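A quick write-up on the structure given underneath.
The values are calculated or read from the model by the stated rules, or taken from the named source; none is laboratory data. The structure presented is a predicted model; accordingly, all values stated were derived computationally and were not measured. Using ideal geometry, Cβ is built from the backbone for each residue, glycine included, and neighbour counts are taken over all protein chains shown.
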């Protein structure tokens, strides 16, 4: 669909989204309070010609992540999606996608059980509403393409960057993707204090520090660092499941596991590996909604 005048926001919502189990389900475990990751979800009637206008909105927005969605003009319940933080557009954002799905079900009253999100990178994400969900309590599962990783046998340099002893190092083929740094114990993981500037100078990849766990409600603990993308340490990273699922399967041969994100506001994530697809579940709550903060103007705009 092409528009010739101004491109208007249809509406915007502020949402707290959490990829993981509810606090009530993990109350017997020593866990931080679950607060979720906030995101502003903005429904547009089309994309502006100058996408820098989206970045300007995200930079000046009230929340650290802004998610823009545009309904596909040819397919029902398909939405094009872009994620931005205050610094730049980001390639993947699990909690932002979860927030977008929740918003469409909660506030746009979609009657579909599935919503397909179409990011620019072609890594389509299917959000499924659990059959027993009510309008006031929506549980959502995200099906995301798995991101494969391989072991890297030279890790002395990253040892120095993180100032810790690393057991193993894994990485994605994409040099702007991910490293998984394997630490020997959960205590070492919790004690890790990487300097953002050292990571930025070393790599363009996000770093996931992880430790395999025995005899706890979770089988893997991890932390997520991506200062190159404005995230010194993320709180709850749904997109990390896409990499951790393949890593855990390589290490154990198991398809299902529970992972603890050991951040200040972290939580437990149930992750399932199905070769090309990884699933993780979560939920969200509305913080606030508001009318358009600003009109994005463009001579033409398109929903594609």
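Results, tabulated for the structure shown:
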read-out	value
Search result, residues across the stretch 229-249 that are without any contact (Cβ under 8 Å) to a residue 60 or more places away in the chain and either more than 16 Å from the chain's Cα centre (by Cα) or closer than 13 Å to residue 273 by Cβ (or both)	248, 249
Single residue of 149, 115, 158 found to be over 16 Å from the mean Cα position of the chain (by Cα), crowded, with 17+ Cβ neighbours inside 10 Å and at pLDDT 95 or above	115
Yes/no for residue 29 being over 23 Å from residue 206 (Cα atoms), in a helix (DSSP H, G or I) and at pLDDT below 90	no
